[in-house]
1. Quick query: amide H of VAL58 versus all other amide H atoms, modeled in the peptide plane; which residues come in under 5 Å with a sequence gap of 5 or more or a different chain?
2. So between ALA105 and THR87, what do we pick up on full extension, going 0.36 nm a residue minus the alpha carbon distance?
3. As a test of understanding, state the convex hull volume per residue of the chain from its alpha carbons, in Å³.
4. What FRET efficiency, computed as 1/(1 + (r/R0)^6) with R0 = 35 Å and r the Cβ-Cβ distance, is obtained for ALA37 and ARG68, rounded to the nearest 0.05?
5. VAL110's amide H: which non-local residues (gap 5+, or another chain) put their own amide H closer than 5 Å, with H modeled 1.01 Å from N in plane and none for Pro or chain starts?
6. Filter the trypsin sites (Lys or Arg not before Pro) in segment 61-111 down to the DSSP loop ones having no more than 14 other Cβ atoms within 10 Å, then list what survives.
7. Taking only C-alpha pairs under 8 Å that are 6+ residues apart, what is the relative contact order of segment 16-92 in percent?
8. Using a 10 Å cut-off on Cβ atoms, rank the peptides 95-104, 28-37 from the highest mean neighbour count down.
Amino acid sequence: MTLRRNRSGPPAGPFRFVLENAFVVPLRGVVAVGSVAEGTVVLGADAVALLPDGAREVTVRRIEVHRRKAVAAGAGDQAGLYLDGLTAADLPTVPGAGDAVLDGAALAGVVVTSRG
């Protein structure tokens with residue numbers, strides 16, 4: 001498996017990632033799907049997910065761009081970020097067929113941004 005190289009070197013400043021949706025992947029955890037609006041997200045980045053019910057400190061554990069593992073995603077990239085520090089219990093739900101299901105509409109526009 002080849003890794004996508006960070007073409008512009010280390011990030012020069014903060015990043016901002018805007019969610020379109022989030023999913024819980026069994027045995028992997030929460031993956032936030034969206035696009036990098038500013039800066040560059042790198043593996044291991046400390047970040048804050050600004051959820052509807054409050055901020056959660058997270059760490060970027062895995063990045064996927066075009067369904068391939070990557071070491072970074074830059075401004076304009078559509079990506080999936082696997083976030084440590086966020087669980088299914090932290091995400092909004094709606095009543096479903098006998099159970100609660102993740103409310104993707106409530107997550108649209110949520111921002112994940114670099115800490116600091």
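1. Long-range HN contacts for VAL58: ALA47, VAL48, ALA49.
2. 4.7 nm
3. Taking only Cα atoms, the chain has a hull volume of 102 Å³ per residue.
4. Values: r = 21 Å, r/R0 = 0.60.
Rounded to the nearest 0.05, the efficiency is 0.95.
5. Distant-sequence amide H within range of VAL110: LEU19.
6. ARG67
7. 33 percent
8. Ranked by mean Cβ neighbours within 10 Å, highest first: 28-37, 95-104.
Just so you know, all these numbers are worked out from the coordinates, no wet-lab data involved. Keep in mind that what you see is a predicted model, and the values were worked out from it rather than measured. Here the Cβ is made from the backbone with ideal geometry for all residues, glycine too, and neighbour counts use every protein chain on show.
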